[in-house]
Structure formats: structure tokens, C-alpha cells
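Data block below; observations after.
Since every read-out is calculated from the coordinates, none of them should be taken as a lab result. Predicted model only: the values in this text are computed from it and were never measured. Cβ atoms come from the backbone with ideal geometry, glycine included; neighbour counts cover every protein chain shown.
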Amino acid sequence: MDTPQPTYPSTLRLSRIVKGDNPRRYFDQKKHDDLVTSIRLRGVLQPILLRPKGDVFSVVAGERRYRAALEAYGPDGEVPVVIREMTDQEALEAAIAENDDRDDPSETEQADAAVRYLAACQGDRAEAARRLGWSRAKLDRRLTLAELCDAAKLALDERRIKVGHAELLAAIPVDKQDKALDTILNASLDVGKTRELLMRVTQNLAGACFDKTECTTCPFNSGTQRVLFETHVDDGSCTNPTCFQLKTEAAETIRFEEEERGAKAARAAAPATVDPSDDDEQDGPADETDVDHADDADDTLPLADETTGPRASVPSIAATPAGSAASAQKPAVTAESIARRTADLREATWRTALARALASNASHAQITILVAAMSGTLSQIKADTLTSRAGLLVGATFPDLDYGAQIATIRGLPDRQAQIVLAVIGAAYAKDVVTFGHVADLAKAFEVDLRDSWKVDQAFLDRYTKEELKFIARECGLVAHVGQKAFAKRLAGKKSDLITSMLNAIGFDWSGRLPSAMTLDCTYGPPPAPAAPQAQLPVADLAA
């Protein structure tokens, strides 16, 4: 039998009405004053749409009428209402529809609505645009405006700046927007002058000395904003000077170090003479399996197979041209040398993997906590790491209780919740313990497999030189997959193109392949063997 629906009154005192979660954030004062005057003369002609919220009722649509009626009548006044049971999503959709139909909302209100719709659609922009009834371009532009600082949003709402100004401001980091806004307002700059001002504080990507692969999709690359902005800056300008400077400094440091290594190798090789006894070997035929490319002539090529990891490095037998003694002395690329280049990433990734493993296994977390306590390293967990989460893990009031009450609260925790707290403490230790060797030992003890949560990607490959990328490609089986000569051709091109080809090689899957630079013992981790199919019992056994 259906539960009878509650009946609600058609009028309600304003004291029983509260503001809803309306995306409208700006109300024109003149229009508000005119509406107050109209309500005093004629009353509220159109009912306000409400939904129940405990003992009161929340405004879904009609907040302008509610505000004006409150000013005209006071909290004891009554207004016509329509009350409906609605979910949060239904109320949001009704509020947006009401705003669009009755009075054009500001662009910042649309931006806020776009953010909320996108969250409700789990990040699916096409679905969010469909449900809003907008084009995809409009959704993208409004989402961009959501990045404005509060002062810029208010200036746009009050029409002290135009949408063109706001879109240009949204293209720079938030911490720079306030100063830029002040300049625009104080100098009364139009959109064109604002663009010129912005161009003077941006960096031209065409002349950048660093790898710009990441810049192609960066929101601070003005070249990616053309589809978003009616008014935009010229293509290929970085509007985040801090990021540009850091990348430039990093690239210059790498270049300097490479030049230093080259100079040292040249100095070391200068007095060297060619040993005639080596002529026979150098003039001999090259092995057919060697890469037929100049880049490989002076390299040390590591061999690998996917079952046992990298084997001992052996020198290439390709001939070394006369006068290339300096290049012959180039330091060999090894698993250890690559690992040193990526120590920060490897440690951070393993800490995260161990933390996740402990967070999902209270038994392992308890062992971790006991070992940490007995070894004197438990105190390395940062206080804020746990106290900042106490309200979520134990209870909202827990941080405010006195110590005795906190003891009683912890004693009263259900077993399952207590296990969760232990797991979080263990995960915190994995993140905060100073010595990475402790992390490595725990990961080995609990058989944490990084291949379950990490995969070779562009950010990882961008860290390396072309020679190091060749080493990674060999040990992971990519060179064998595409062929030695095919890979050599790719190696001869730009580094960015090489990385793209490595990540998108047809028929090659990076999943489960763990380069030696990311392992705990600098030994390549091949993809795990596929699980053996389980034997099927005969039908007769199943019936029994």
C-alpha cells in the first residue's frame, strides 16, 4: 500500500522560510528595490517554490521574491508558496531553470552552476552541457570563469568589468588576479588594452628552452584557450610566470650538468691513444641484432628479458669513428644511474602505494605501528597528519573533548571503526617516516606490488635523456616489440616525438611493466604472469 503524501499549506509565514542552495549569487539592487515597491502595492503574485528542510522550508525558486517580501512585510508576513519533496539534484535543476527563464543570471552564477552540474555528472562535460541545455563551448567558458578570484567575480557581477576582461583574468594564476584587476579598474582599461597588458607579463613559449609537451594541455597556455574565449591572447604564451621560470631553471640546470659531463669526458679522453690491438674487433662485422644507428655506436647497450630482468651490460660492437674518443667515454646508462635521476618520484610513489596497502589492511597496519613504536620511529608521524583527521575518523566533537573524554570515546569505538583508525595511523607512518629504507622494508614484507597502482606515463619519461629512454625501452621490451631499426629511427627524432611513439606503440601495453628505476632493488619488474585457469569439476562432482 502506497504511503500517503503529506499535504502542505498554500501560504506560509516568511519566518518559516530559509534561503536555499540557489546558484544565483548577485542581485541587482535597483531591480530589488523595484520588486519591493511592487510587492507592497500588489503583493507576491507568483508563488515561491519551496521544499521541506526539517522544521522549515528551503527556497528552490523565487529567492528574489523571498528577499523582497521579507523586506516589504517582515518575518511575520505570509506569501503564496508551492511546496514539493525534491532531491538536491532536482532542486538545483529547478533553480537553474528558474534563473534562466525569469532573469538572466550573471556569468559567474552560470560558472558556479556549471561546476556543480559537472560534479553531479562525475566529470562528464558532454552530459553536463546536455543537462544544462548549453553548448559544450559555453560550458567550457563558464567553467573557466569559475577560476576567477572572488573580487573579479564581484566586479563582473556588478558590470565593472566585461566578460572579455574576466576571461583574460581567468587565464592567469589566482594569486595574480587581484593586482591585475586593480590595474584594470584604476586605469579604466578596455579589453584590448587588458590583452596588451597581459601580453607584457607573459612568456613566449616559442623561445622556451624546456620540453613543452606538458604545455600543450596546460590551462595557462593561452594557445589552448582559443576555443574558450571570444577574446584571447595570442597563441603560445605562458600566463603562469612562476611555472615558466621553474621549468626554465630546471632545463638550464640539466643543460649545464650535461655540458659539464661532456667537458669532463673530453678532458679525460684527450691524452688517450688508440690501441692497435683493438682494430680487429672494431673493423669486424656488426652483429645483426645491433641497432644500425649512429646514436648506438658509442653506447653501452643493456640486454634484458621479461622474465629475469636486465642482464649485465655489454659494450656495443659497432665501430667507433676516428676522433670520437670523447663520445666513447660517455658514462654508461645503468639502472642505478637512472634510478638516481628519479629518486624523488620513486620514493613518493612507493610511500603512497604502501600507505594505500596499510589503509586497506588493519592487521598489517597494526604490525607497522608496533614495529615503529618499538624502533622509536613512531613519533615521526606528524601531529597534524592525525589530529586534522580525528574529527572524521572518530567523531566531529572529538577534537574539542578533554583528554579523559577522548579516552572514553576511543574505548567505545566499534571494532570496525577502531580498525579503520589503526589503518590510517599505519598509512600516516608510511607517508611521514624519515628513512625511506623503512618504507622499502615494509613494502617487501607485505608484498606491496607497485605494478598494481603505477604505470609508465609521459611525466615519468619526460625526466630522462634520449639515451636513458632507450635503456627503459629495451628493458621493458619495447625495442624488441617494434624492432631495433624502427626504434633507432624514432630515437633520431625529437625527444617529445620519441616519448609519444613509446607511449603509443601499436600492440604494446605498458601495464604491469615496472622499469628498474622505479623498483626497490633496481631490477626490472616484468608484467605478472597471467593467472592459471582454475580446473573445472565434472558435472557429477558438482551435483554431489
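The table below gives the values:
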quantity	calculated
Cα-based shape type of segment 38-151, given that a ≥ b ≥ c are square roots of the gyration tensor eigenvalues and the cut on a/c is 1.5	prolate
For q = 0.13, 0.18, 0.22, 0.23 Å⁻¹, Debye-computed log10 I/I(0) when each Cα of segment 343-452 counts as one equal scatterer	-0.50, -0.89, -1.20, -1.28
Residue-wise HN-Hα coupling along segment 51-65, computed from phi with Karplus coefficients 6.51, -1.76, 1.60 (Hz; x: Gly, Pro)	9, x, 8, x, 8, 10, 10, 9, 6, 9, 9, x, 5, 5, 5
Cα coordinate range in segment 396-505, projected on the principal axes (Å, largest first)	72, 28, 25
About the Cα centre, charge dipole magnitude for segment 343-452 (Lys/Arg +1, Asp/Glu -1 at Cβ), debye	100 debye
Under the Debye formula (equal points on every Cα, no solvent term), log10 I(q)/I(0) of segment 119-172 at q = 0.27, 0.29 Å⁻¹	-0.97, -1.02
Ordering of 126-133, 6-13 by burial proxy (mean other Cβ atoms within 10 Å per residue, highest first)	126-133, 6-13
Among 410-416, 420-426, 180-186, 365-371, the order from most to least packed when residues are scored by Cβ within 10 Å on average	420-426, 365-371, 180-186, 410-416
Furthest towards positive pole of dipole, 368, 424, 401, structure part segment 363-428, Cβ charges	368
Protection-proxy order for peptides 465-472, 171-178, each taking the mean of Cβ atoms within 10 Å per residue, highest first	465-472, 171-178
Over 30 Å (Cα to Cα) - which of 31/162; 138/455; 53/162; 153/193; 19/138; 153/431 fall in this group	138/455; 53/162; 153/431
Fraction of beta bridges assigned by DSSP in segment 15-96 that are antiparallel (%, nearest 5)	50 percent
